[in-house]
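In what follows, a single structure is set out as structure tokens and then discussed.
Laboratory data are not the source of any read-out in this text; all were calculated from the coordinates shown. Note that the structure is predicted; figures quoted are calculated from it, not measured. Every residue, glycine as well, gets a Cβ built from its backbone with ideal geometry; the counts of neighbours run over all protein chains shown.
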Amino acid sequence: MNSRWPLRYVVPLLILAAGLLIVATGWFFEYRQLQSNVLRLAEIQLRSTANFAAAGIEAALRDRNTAEVRAAIERSASSPVVAAVYVVAPDGTIRYASDARAVGQAFGDWDRTQDLRDILPEADRPGEILIRLVGSSRLTGRFPLHMRMSAGELIPNRVGSLFVVTDLSHELARGRSNLASRMLGWAAIVSMIALAFWALLRSLLLRRIDALIGAVREVAKGNFEQPLHIRGRDELAELGREMEAMTHRLREHSERLAFLSDHDALTGLLNRHGFEVELKRALRAIRRRGGRYAVALLDVDSLRVINDTQGHLAGDELLGIVADRVGDALPEIVCAARVGGDEFAVLFELAGDETLESIAARLQDEMTTVRFDSGGERFGVQVSMGLVELSAELQSASDALGIADAACYRAKDKGRGSYYIGSVDRFASEQVRGDMQWVSRIQAALDQDRLQLYAQPIVPLGAGEKEGLHFEILVRMLDERGRILPPGEFLEAAERYNLVHRIDRWVVKHTLDWLEADAGLADIVSSCAINLSGLSLGDEELIAQVSNWLDRGHSIPASALCFEVTETAAVQNLAQARVFINRLRAMGCRFALDDFGTGLSSFGYLKRLPVDLVKIDGIFVRDMARDSADLAMVSAINDIAHELDMKTVAEFVEDTETLKLLREIGVDFAQGYVHGRPLPLEELVSTHARRNSAVSPLRGS
């Protein structure tokens, strides 16, 4: 148990402590009562003994019979509780005593009577009876004696004293022993009650609570198969049943998400990530034992026409038909995948001297037989194909797909419905030459400050979200002739040749400079999101850049800065990403996990990354109004992110129907063309100001 004071021990110990406290209190009062009873009985016995002794002593004194006086004293001292008997003259001298050594001594000086000075005859009304407790166990009585002081005379006003000292220690000890026996019996009973309650508590509650705790921990680890059987009809049993139902739902969600992590929700084929896994296996097999494998990339040319004329539902139906036919055309297929909106990839093994041309012909023959009926019309299907045979020289699965993709583009250049056989060597050299040209252009753009900041608005969907301007910073590059180039044209080469971190630094610096230059932005900017590449995770210069800006002090808080990193980049550099994110979050900045759902898609990684927002990739958002699987995916990501106390942002929101669904699901923010396209920064601010003035009522008119 991790609890410092678990209930399994605290409750019985509290019962035991309470019981022992009651026993101790009873001990105290019973002992007080015992003392009172012993003293009362001892006083009665003391008076009886003293009266009997005084009568005998006075008679003996009248007869001047000293022997009888001593005999009377000895009879009195023979009682087991009488410790000493003294006959004291009015002048304080001990005349007779049970201890012969005391005779003739001054009563106050005798070592065994020094503590009785307070009841000397001269000290306090010598003619009266006094009984006092001396110490804790000696009950002493002083009784007056009429003593003959001269021959033939008895002078009544000359009174001596009879002292009787009783020792109650034995009686008290016996009473304490009996009391202790009783109290120990009660303590044993209390201990047995506490032990019995602990056993009952363990039987009725603790074992079932332990079972619940164990089940919750297993669920937290991702194990949804842990059986949970909480018997009974009480609240714990009800909690167990509810938890079992929740675990069942989580298991279904987990299995669905695990399937969707490497499968396409629409066609049931592998997605790009799942296909790359299979490609890696094929490349390893080629390197280890040889063999012939090839990749075909198919682009459904007629999909856009059908989407535009018949609607997206018809287009989805066409994709399903093509997915079924791909497998029928190639019996030797290893796997098939939908790797893009209208693109399919096929990995297959070549037998003997079989050529890619024969495979392409078979695929074309299969596709030309496809007929699709919609809206009373029948459509044929045109598919462009790029094929490439894999070789051991390929470094990665993405390279293989890139070559097949380039071959597919060559096929489109020949005309729709065509195919092109690519070569690894030829496309690799062409790609290197193209990339090196981009490297030179990117370096020149950085040196000449030809990058430009754009931004796209992010709109809060919930009533509780902070008002103001929320936006994501985007980068564009101006080419040598002043044309604006989108990031898709230059960022891939920048990442491949380690220039992307320079772009990240440029974007961060110019964004912070822009925020600092205009003091009025503090009144409207609520969130400024800046994208970072995987290569920038751990960039000390970038961290110093942000830290120095924050140290200068601004009216825009650090929490308004939100850095975005893609899911794939964060997972591939998980340890470094956690350190980097934590350092910037310690300064007050926030972090968002971008494109969530298209990378490794493990919610375990989401739990381990200390981010504030999750951006749901547009591949699920774009068609969620028409695709129940996409809708379920968005809903599941949103629910789990909220459980982890993270906000959610839906990307690629392009219509009001999707926006309505996102609000119903509970997504926090939306980003997409439905709210606005990317704009230069100054234009974004002015557009925001115009919208606010248009919806705000006039004041003071």
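Some notes on this structure:
- Between ILE524 and TYR409, full extension at 0.36 nm per residue minus the direct alpha carbon distance yields a gain of 36.9 nm.
- Estimated FRET transfer efficiency (ARG284, VAL579; beta-carbon r; R0 25 Å; 0.05): 0.20
- Among the lysines of the chain, pairs that are 8 or more positions apart or on different chains and have alpha carbons within less than 16 Å of each other number 5.
- For the stretch 668-687, backbone nitrogen atoms closer than 20 Å to the point 7 Å from GLU516 Cα along Cα-to-C-beta are found at 681-682.
- Take every Cα pair under 8 Å whose residues are at least 6 apart in sequence, average their separation, divide by the length of the stretch 263-422, and the relative contact order is 29 percent.
- Evaluating 6.51 cos²θ - 1.76 cosθ + 1.60 at θ = phi - 60° for every residue in the stretch 372-377, the Karplus couplings come out as 10, 9, 7, x, x, 10 Hz, glycine and proline recorded as x.
- Angle between the chain longest axis and helix 540-551 axis [Cα atoms, degrees, rounded to 10]: 60
- Estimated vicinal HN-Hα couplings, Hz - the stretch 582-592 in sequence order (Karplus 6.51, -1.76, 1.60; Gly, Pro = x): 5, 5, 6, 5, 5, 7, x, 6, 10, 9, 10
- Between the amide H of ALA83 and those of VAL165, THR166, ASP167, distances stay under 5 Å, these residues lying 5 or more places away or on another chain, with hydrogens modeled in the peptide plane.
- Label corresponding to volume of the Cα convex hull per residue in Å³ when calculated from the structure given, among [x] 342; [y] 163; [z] 208: [x]
- Förster-model FRET efficiency, 60 Å R0, SER547 and ALA392, C-beta, rounded to 0.05: 0.80
- Averaging the sequence gap over all C-alpha pairs within less than 8 Å and six or more residues apart, then dividing by the number of residues, gives the stretch 435-688 a relative contact order of 20 percent.
- Percent RCO, i.e. relative contact order, over the chain, from Cα pairs under 8 Å lying at least 6 residues apart: 8
- Taking every DSSP beta bridge that has both ends in the chain, the antiparallel portion is near 70%.
- For THR648, the amide hydrogen comes within under 5 Å of the amide hydrogens of VAL614, ASP668, PHE669, counting only partners 5 or more places away or on other chains and with H modelled in the peptide plane.
- Helix-only mean residue ellipticity at 222 nm for the chain, each DSSP H run of n ≥ 4 adding -39500 (n - 2.57), per residue, nearest 500: -17000 deg cm²/dmol
- Theoretical gain in end-to-end length, ARG378 to VAL11 [0.36 nm per residue, Cα-Cα removed]: 124.4 nm
- Cβ-Cβ FRET estimate between ALA220 and HIS554, R0 fixed at 41 Å, reported to 0.05: 0.55
- Taken one residue at a time, the phi angles of the stretch 555-571 give Karplus couplings (6.51, -1.76, 1.60, θ = phi - 60°) of 6, 7, x, 4, 5, 6, 8, 10, 9, 10, 10, 6, 4, 5, 5, 5, 6 Hz. Gly and Pro are set to x.
- Close amide H contacts of ILE458 (hydrogens built in the peptide plane, cut-off under 5 Å, sequence separation of 5 or more or a different chain): HIS470, PHE471, GLU472.
- Extension gain, ARG132 to ASP353, is 66.9 nm, computed as 0.36 nm per intervening residue step minus the present C-alpha separation.
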